[in-house]
Amino acid sequence: MQASPSSENTILKAFSQSAAERSWEPLFPDFGDQSPLLSILRADPETGAARIMLKFQADFHFPRHTHLKAEETFLVAGTHYFEDCDAGAIFRIDEQGYFYLPPHHVHQAWVKAGSLLVAVLDGGAQINWIDPPPVPGNPVVFPE
């Protein structure tokens, strides 16, 4: 059975999608071709939970932020630096890495160009910014 991610209640139906069928849109349209690309794999209209893919065409920094509910991220390809602001620690996550964040956990991330990740967002893709959101043209400085 084939259905689009926007179909009602895809959470409760069998669903598959090839890479060729996936649609991508800029996460931050003002960034043009420097924006990460977003593909919504599946969304639950009742809970707001979402499974998304992000593809990074350029290095990108997500300033300190939280999510209303838990976040799980699987890095399929590339390199992702993650700062757990609550613990004061920075981690490097490479291809096939994983991290989990509980609700309202303050964090920030730096992602290398060419990276691809899958995120499970229990509360949907909403970002609650602690610091101002990213601005086009700001250089990305990695914590290496």
### Task
Looking only at the stretch 66-84, count how many residues are surrounded by 15 or more Cβ atoms within 10 Å (Cβ to Cβ), in contact (Cβ under 8 Å) with a residue 40 or more places away in the chain and either charged (D, E, K, R) or over 22 Å from Trp24 (Cβ atoms) (or both).
7
### Task
Considering only the stretch 32-53, state which residues are in contact (Cβ under 8 Å) with a residue 60 or more places away in the chain, within 21 Å of Ala113 (Cβ to Cβ) and part of a strand (DSSP E or B).
Leu38, Ile52, Met53
#### Entry: Any chance Phe62 is under 14 Å from the mean Cα position of the chain (by Cα) and part of a strand (DSSP E or B)
yes
#### Entry: Selection status of Pro29, touching a residue at least 40 places away in the same chain (Cβ under 8 Å), more than 23 Å from Lys13 (Cα to Cα) and not basic (Lys, Arg)
no
### Task
Would you point out the residue of the stretch 96-119, among those that are closer than 18 Å to Val140 by Cα and outside any strand (DSSP E or B), that is nearest to the chain's Cα centre (by Cα)?
Ser115
### Condition broken by Ala58, with the remaining ones in (1) surrounded by fewer than 16 Cβ atoms within 10 Å (Cβ to Cβ); (2) over 18 Å from Val140 (Cα atoms); (3) at pLDDT 95 or above; (4) not hydroxyl-bearing (Ser, Thr, Tyr) satisfied
(2)
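The values are calculated or read from the model by the stated rules, or taken from the named source; none is laboratory data. Just so we're clear, the structure is a prediction, and the values are computed from it rather than from any experiment. Here the Cβ is made from the backbone with ideal geometry for all residues, glycine too, and neighbour counts use every protein chain on show.
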